[in-house]
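Contents: one structure, followed by commentary.
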Amino acid sequence: MALAFGLAWVLFSIWMSLPWLTDLGNLAHPLIALFVLTFIAYVPGFMNAFLLISLVLRPSSRRETPAQWPSITILIAAYQEEKLIGETLRSIAALEYPGKLEILVLDDGSRDGTAARTRDCQALFSALPNMELKLVREEHNRGKARVLNHGLELASHELIITIDADTRLEKGCITSLVEHLVASPPETVAIAGAVLVANHDESWITRVQQWDYFHGIAAVKRMQGMYYGTLVAQGAFSIYRKQAVIDAGGWPDTVGEDIVLTWSLLRQGLIVRHAEDAIAWTHAPETFTGLAKQRKRWARGMIEALAIHKPLLSMRKMRTMFIWWNLLFVSIDLTFTFAFLPGLVLAFLGIFWLAGPITLLVLPLAALWNLVIYRIQTRMLKRMGVKMEKSLSGFLLYAFIYPLLMQPVSVWGYFAELFGGKKQWN
């Protein structure tokens, strides 16, 4: 039904835009006109329509309590994290999980007080019979993928959770992850948790990201999870079956190691899902420079994954559409940056060559799915007893300014990957 509605919307958009398509073709070239309209109107319209119907018709998310709570190893890759590693470990110590937890802090050659802050937290765990904290120190900085793979070798248990060193966990989040895993099909080997922004009041940049995580990222992950094809089990908070990660070769030494690993699992025909009520809080970049560098890494990670896992594009599964969806974002971002943004300037001057009234057709769909995901997310937080302050100014910036900034940043990431820019994880 979502697919049918999306295709119907595209046909409607094409019919509505025929006069504009003709005029733009006469001004430039018919193929250029078709390319521009495809990636600023038709494809975004399909995506918004498909997302909207998927969210409206979403099935109830299943959780199932296991007969025996499994033991889990938590891997925390840390580099120069003395400011926040203590808060992260305190949140783990406060978890309400009945099974055993082994916590490995993988200090990747930090030169600050990361190791000292970790040792200071040992006392928190000494009185907890089901938790054990261990510090694993590297003499030199080796990179995130390598320390995670070292942690995988040291892990005592068959379920692995990865979190970032600046991530704070809600008390029931691991219970939720496990219950979602137990209720999923047996081919399920990874489940991505729900990540929200902890430091939303630090700057206008973090206030914007609060809505990106709460709306945009949450909506996409929910949708992908419905079709058993979550494309990123993010390193910030996800659970994996250890043997599946080993069989996939572990975390690759790439910019987007979590993206490439997830696609390795999907390529084997395995299932990756999303647990929308397993909540963790991350510290988002507080400056535009920091945010731009993060999103540049994400864009590069997607290009890396596409280059490594081309066979995914030909797999006969519904979730293959989401791989193509990501691939189309390259063309969308390029068209938006080099055609739509200049077109907006022309539109303000009364010249509607590139940004015409037909592009406004995308807005009602975007507004509707944002309203739907707001209701879904708000009800979920209320059900879980989680409070989140919401910034109105952050939402307005997210809705009207954020896309104008982030899509050019993604283009920057694509070019950096194409021309071999430097790769680093922190």
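Pairing each residue of segment 393-411 that is outside any helix (DSSP H, G or I) with any residue that is crowded, with 19+ Cβ neighbours inside 10 Å, provided the two are 6+ apart or on different chains, yields C-beta distances under 8 Å for ILE401/VAL208. Restrict the check to segment 203-211 and report whether at least one residue is touching a residue at least 40 places away in the same chain (Cβ under 8 Å), within 28 Å of THR320 (Cβ to Cβ), in contact with a strand residue (DSSP E or B) (Cβ under 7 Å, 6 or more places away or on another chain) and not β-branched (Val, Ile, Thr). No - not one qualifying residue is present in segment 203-211.
The condition of being of a type in the set (Lys, Arg) and in contact with a helix residue (DSSP H, G or I) (Cβ under 7 Å, 6 or more places away or on another chain) does not hold for ARG316. Contact map, segment 90-103: first residue over 20 Å from GLY151 (Cα atoms) and at pLDDT below 95, second residue surrounded by 16 or more Cβ atoms within 10 Å (Cβ to Cβ) and of a type in the set (Gly, Ala, Ser), Cβ cut-off under 8 Å, separation 6 or more or different chains; pairs are GLU96/GLY172. Residues of segment 410-425 include none that is modelled with pLDDT of 90 or more, polar (S, T, N, Q) and over 18 Å from the mean Cα position of the chain (by Cα).
Is it true that some residue in segment 272-287 is surrounded by fewer than 21 Cβ atoms within 10 Å (Cβ to Cβ) and of a type in the set (A, V, I, L, M)? Checked against the condition, which is being surrounded by fewer than 21 Cβ atoms within 10 Å (Cβ to Cβ) and of a type in the set (A, V, I, L, M), segment 272-287 yields no hits at all.
Kindly check whether there is at least one residue in segment 143-157 that is under 21 Å from the mean Cα position of the chain (by Cα), assigned to a helix (DSSP H, G or I) and crowded, with 23+ Cβ neighbours inside 10 Å. Within segment 143-157, one or more residues are under 21 Å from the mean Cα position of the chain (by Cα), assigned to a helix (DSSP H, G or I) and crowded, with 23+ Cβ neighbours inside 10 Å. Residues in segment 111-131 that are surrounded by fewer than 16 Cβ atoms within 10 Å (Cβ to Cβ) and either in contact with a Phe, Trp or Tyr (Cβ under 9 Å, 6 or more places away or on another chain) or not hydroxyl-bearing (Ser, Thr, Tyr) (or both): ARG111, ASP112, ALA116, ARG119, ASP120, GLN122, ALA123, ALA127, LEU128, PRO129, ASN130.
When segment 102-124 is filtered for residues that are in a helix (DSSP H, G or I), under 29 Å from the mean Cα position of the chain (by Cα) and of a type in the set (A, V, I, L, M), only ALA115 remains.
Looking at SER54, SER61, just one residue is touching a strand residue (DSSP E or B) at 6+ places or on another chain (Cβ under 7 Å) and among the hydroxyl-bearing types (Ser, Thr, Tyr), and that residue is SER61. More than 28 Å from HIS29 (Cβ to Cβ), of a type in the set (Phe, Trp, Tyr) and assigned to a helix (DSSP H, G or I), is that true of TRP324? No, not satisfied. For segment 342-360, filtered to residues that are within 16 Å of PRO403 (Cβ to Cβ) and surrounded by fewer than 16 Cβ atoms within 10 Å (Cβ to Cβ), the residue that is modelled with the highest pLDDT is PRO342. Screening segment 307-321 for residues that are assigned to a helix (DSSP H, G or I) and among the hydrophobic types (A, V, I, L, M, F, W, C) and picking the one that is surrounded by the most Cβ atoms within 10 Å (Cβ to Cβ) gives LEU312. Residue count for segment 1-28 under the criterion of being of a type in the set (Ser, Thr, Tyr) and within 35 Å of the chain's Cα centre (by Cα): the result is 2.
The values are calculated or read from the model by the stated rules, or taken from the named source; none is laboratory data. These figures come from a predicted structure and were not determined experimentally. With ideal geometry, Cβ positions are generated from the backbone for all residues, glycine too; neighbour counts draw on all protein chains shown.
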